[in-house]
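Below is one structure, written out as structure tokens; comments come after it.
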């Protein structure tokens, strides 16, 4: 592959923005100087600066606003999501790889909650849980979409309580990769009419959190994440992400 002067200049723009982010000179939401000012300060042509900024926008690091200039993204999690999803697909990753990472992240998040999060925050999480059966009693139709959202929202709430930004970013990427798995599990649960199973397992995790019992927590998370063979056989063999079940 040949690297032209334009490519080299484009990389120079990238490295400059990268360095300013790493040193804290640029933060989420900050507006960049104009192309003219950047070109003058870096002794580059405006076209080279424009190419570099466009590359950063494609990567999700910058947001270009019509008539408003270029800004550092307010949603850096999208950058890691896209990169890791592509890497995982190219590496022919398997569902069990994701489930193992999920277990590690959730266990570490729960350990943090046990050791640091006050009781009111844990009780608030419990109060937000609505048993699937309650939806039926209130006349609402219980659907696969509802079960999928119910399960994923509970786990995202756990990671939010961990107060660890990397856990959250990794889990968001994990969720993007296994959202079809979540839906597949919900479909099987729906077909088997085991509406309360997920709720009861979530409740068991919360009980362990309230008891501050890390050993019990590990057992409950293992039970919840482990796929029963009857469920595994009902899942599609491959997801749209190319993940082998």
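The values are calculated or read from the model by the stated rules, or taken from the named source; none is laboratory data. On a predicted model such as this, the values are computed, not experimentally measured, just so you know. All Cβ positions, glycine included, derive from the backbone under ideal geometry; neighbour counts span all protein chains shown.
Residues in segment 205-215 include at least one that is assigned by TED's automatic domain parsing to the domain that holds residue 96 and either closer than 23 Å to residue 146 by Cβ or modelled with pLDDT under 65 (or both). Applying the set (1) surrounded by 15 or more Cβ atoms within 10 Å (Cβ to Cβ); (2) not in a helix (DSSP H, G or I) to residue 67 leaves exactly one unmet item: (1). Number of residues in segment 78-88 that are in contact with a helix residue (DSSP H, G or I) (Cβ under 9 Å, 6 or more places away or on another chain) and surrounded by fewer than 17 Cβ atoms within 10 Å (Cβ to Cβ): the value is 5.
Residues checked against (1) at pLDDT 90 or above; (2) not assigned by TED's automatic domain parsing to the domain that holds residue 215:
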| position | (1), (2) |
| --- | --- |
| 33 | yes, yes |
| 68 | no, yes |
| 85 | no, no |
| 88 | no, no |
| 100 | no, no |
| 115 | yes, no |
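Only one of the numbered conditions (1) in contact with a strand residue (DSSP E or B) (Cβ under 7 Å, 6 or more places away or on another chain); (2) modelled with pLDDT of 90 or more is violated by residue 95, and that is (2).
Tell me yes or no: at least one residue of segment 139-149 is at pLDDT 80 or above and under 17 Å from the mean Cα position of the chain (by Cα). There is no residue in segment 139-149 that is at pLDDT 80 or above and under 17 Å from the mean Cα position of the chain (by Cα). For segment 41-59, does any single residue satisfy the condition of being over 23 Å from residue 81 (Cα atoms) and under 28 Å from the mean Cα position of the chain (by Cα)? No, there is no match, as no residue in segment 41-59 is over 23 Å from residue 81 (Cα atoms) and under 28 Å from the mean Cα position of the chain (by Cα).
In this structure, is residue 93 surrounded by 11 or more Cβ atoms within 10 Å (Cβ to Cβ) and in contact with a helix residue (DSSP H, G or I) (Cβ under 7 Å, 6 or more places away or on another chain)?
So residue 93 fails the test.
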